[in-house]
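Peer 1: Provided herewith is a single structure, encoded as structure tokens, for subsequent inquiry.
The values are calculated or read from the model by the stated rules, or taken from the named source; none is laboratory data. Since this is a predicted model, take the numbers as computed values, not measurements. Cβ placement follows ideal geometry from the backbone for every residue including glycine, while neighbour counts extend to all protein chains displayed.
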Amino acid sequence: MPLGISHAGAIGVDIGTRSVKAIQLTRGLRGWSIRAAARFPRPQTDAPWSAAEAARIRAVLDRQGFGGSAVVLATPPDRLLSGVLELPPRRSGAPLAQIARMELARMHSRTPTSFEMSCWDLPDSPGKKDQSYVMAVACGHEEAEQLVGEFERGGLVIQAMDVRCCALGRACASAAAPAGQVTAILEIGWQTTHLVLVQHDVILYEREMLDGGIGKLAAALEKRFGFDAQTVEYLLDYEAIAPHKPQERRRSGPLDEVRAAVEKYLEQLADGLTAPLAYVRQLYPG
């Protein structure tokens, strides 16, 4: 690579129910760094995907300093097939990848040839040594082709489709626990909360908590104080959960109430993590 020249990677794009998140890295002489990052609202909450929205995303990315048209897209949850599969022990010599495809197809009532699949071994569980456990993820050909077509018509090229739990694991790798220990990653969304457990670079477990999204808290704050949605989002993003030194914290009755509501929400969220963490601890003691 010539001196002074940097190379930008593909743009990572995650389209949620309310907003679009995007990030692009660039590689220079000192390694990878962030070239651009953005989060912006969708024109219509939870709307079906379309070429028109892809074109709007392309225009926003251009204005925000992103380069190129290559995209790595987070596979939408409603188009992702996944499951933890119990298979014969690997020492049996059985074709585990083929069996995993058949099991995933059966689990989701699909034909085995209708999707692209990836799978990986999970660590052996001391209590269940007579089986192999595999996590499998897949996306249907028809669904993927529809997304590719919509993005291409909007001026973006889907270079690859990623899985959210794997992307979260990579993004948090620098903050992960030492090798052999398990790291819990919690992604708080608007409608749901996503728990991912990682050991080294292996995704052990994931669970979508349907009642854990922050949207209910936001709706309660709007009703309590008469704030509009934009004000509530600002408070949640920059005020209520932002760290403040004691001497810098501003005194405000409503703001203190907002912080108290956030603390209560987080306590309830923590309570909801007890069962899945206990389950994984049972599978992988220590």
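Peer 1: Can you confirm whether the range 106-118 contains a residue that is without any contact (Cβ under 8 Å) to a residue 12 or more places away in the chain, part of a helix (DSSP H, G or I) and of a type outside the set (Gly, Ala, Ser)?
Peer 2: Yes, the range 106-118 contains at least one residue that is without any contact (Cβ under 8 Å) to a residue 12 or more places away in the chain, part of a helix (DSSP H, G or I) and of a type outside the set (Gly, Ala, Ser).
Peer 1: What are the residues in the range 117-172 that are among the aromatic types (Phe, Trp, Tyr) and under 21 Å from the mean Cα position of the chain (by Cα), if any?
Peer 2: The answer is TRP120, PHE151.
Peer 1: Got a number for residues in the range 94-105 being assigned to a loop (DSSP other than H, G, I, E, B) and basic (Lys, Arg)?
Peer 2: Selection size over the range 94-105: 0.
Peer 1: Of (1) loosely packed, with under 13 Cβ neighbours inside 10 Å; (2) farther than 16 Å from ILE203 by Cβ, ALA173 satisfies all except one. Which?
Peer 2: Answer for ALA173: the failing condition is (2).
Peer 1: So, ALA100, is that one touching a Phe, Trp or Tyr at 6+ places or on another chain (Cβ under 8 Å) and surrounded by 14 or more Cβ atoms within 10 Å (Cβ to Cβ) or not?
Peer 2: When the stated conditions are applied, ALA100 does not pass them.
Peer 1: Sticking with this one: Looking at this structure, is ALA47 in the same structural domain as GLY149 (by TED's automatic domain parsing), within 22 Å of the chain's Cα centre (by Cα) and surrounded by 14 or more Cβ atoms within 10 Å (Cβ to Cβ)?
Peer 2: Against the criterion (in the same structural domain as GLY149 (by TED's automatic domain parsing), within 22 Å of the chain's Cα centre (by Cα) and surrounded by 14 or more Cβ atoms within 10 Å (Cβ to Cβ)), ALA47 does not qualify.
Peer 1: When the residues of the range 213-238 are filtered to those that are over 23 Å from the mean Cα position of the chain (by Cα) and outside any helix (DSSP H, G or I), which remaining residue is farthest from HIS194 (Cα to Cα)?
Peer 2: By that ranking, first place goes to GLY226.
Peer 1: Given the structure, is ALA8 under 20 Å from GLY155 (Cβ atoms) and either of a type outside the set (S, T, N, Q) or exposed (fewer than 14 other Cβ atoms within 10 Å of the Cβ) (or both)?
Peer 2: Criteria met by ALA8.
Peer 1: Continuing with the same structure: Just to verify a result, which residue in the range 128-182, among those that are of a type in the set (Gly, Ala, Ser) and in a helix (DSSP H, G or I), is nearest to LEU197 (Cα to Cα)?
Peer 2: Here the answer is GLY169.
Peer 1: May I pose another question? In this structure, is ASP201 surrounded by fewer than 19 Cβ atoms within 10 Å (Cβ to Cβ), over 13 Å from the mean Cα position of the chain (by Cα), under 20 Å from VAL84 (Cα atoms) and assigned by TED's automatic domain parsing to the domain that holds LEU283?
Peer 2: Criteria met by ASP201.
Peer 1: Taking the condition assigned to a helix (DSSP H, G or I), among the charged types (D, E, K, R) and in contact (Cβ under 8 Å) with a residue 12 or more places away in the chain, does ARG35 pass?
Peer 2: For ARG35, the condition - assigned to a helix (DSSP H, G or I), among the charged types (D, E, K, R) and in contact (Cβ under 8 Å) with a residue 12 or more places away in the chain - is not met.
Peer 1: Quick test of your reading of the structure: ALA74 fulfils all but one of (1) surrounded by 13 or more Cβ atoms within 10 Å (Cβ to Cβ); (2) farther than 20 Å from ARG207 by Cα. Name the failing condition by number.
Peer 2: Of the numbered conditions (1) surrounded by 13 or more Cβ atoms within 10 Å (Cβ to Cβ); (2) farther than 20 Å from ARG207 by Cα, the odd one out for ALA74 is (2).
Peer 1: Here is a follow-up. Within the bounds of the range 104-125, is there any residue that is at pLDDT 95 or above, among the aliphatic types (A, V, I, L, M), over 19 Å from GLU206 (Cα atoms) and surrounded by 12 or more Cβ atoms within 10 Å (Cβ to Cβ)?
Peer 2: yes
Peer 1: Turning to a different aspect of this structure: I need a count of the residues in the range 177-186 that are modelled with pLDDT of 90 or more and either in contact with a Pro (Cβ under 9 Å, 6 or more places away or on another chain) or surrounded by fewer than 17 Cβ atoms within 10 Å (Cβ to Cβ) (or both).
Peer 2: The qualifying residues number 2.
Peer 1: If you don't mind, another one. Checking the structure you have, find out if any residue of the range 15-23 is surrounded by 14 or more Cβ atoms within 10 Å (Cβ to Cβ), in a helix (DSSP H, G or I) and of a type outside the set (A, V, I, L, M, F, W, C).
Peer 2: No, that holds for no residue.
Peer 1: Please state which of the following conditions ARG27 fails to meet, knowing it meets all the rest: (1) in a strand (DSSP E or B); (2) modelled with pLDDT of 90 or more; (3) out of contact with any Lys or Arg (no Cβ under 7 Å at 6 or more places or on another chain); (4) surrounded by 15 or more Cβ atoms within 10 Å (Cβ to Cβ).
Peer 2: Every condition holds for ARG27 apart from (2).
Peer 1: Mind checking whether some residue in the range 42-49 is among the acidic types (Asp, Glu), touching a residue at least 24 places away in the same chain (Cβ under 8 Å) and more than 22 Å from THR193 (Cβ to Cβ)?
Peer 2: No, there is no match, as no residue in the range 42-49 is among the acidic types (Asp, Glu), touching a residue at least 24 places away in the same chain (Cβ under 8 Å) and more than 22 Å from THR193 (Cβ to Cβ).
Peer 1: Only one of (1) assigned to a helix (DSSP H, G or I); (2) not assigned by TED's automatic domain parsing to the domain that holds LEU104 fails for ARG91. Which number is that?
Peer 2: ARG91 satisfies every listed condition except (2).
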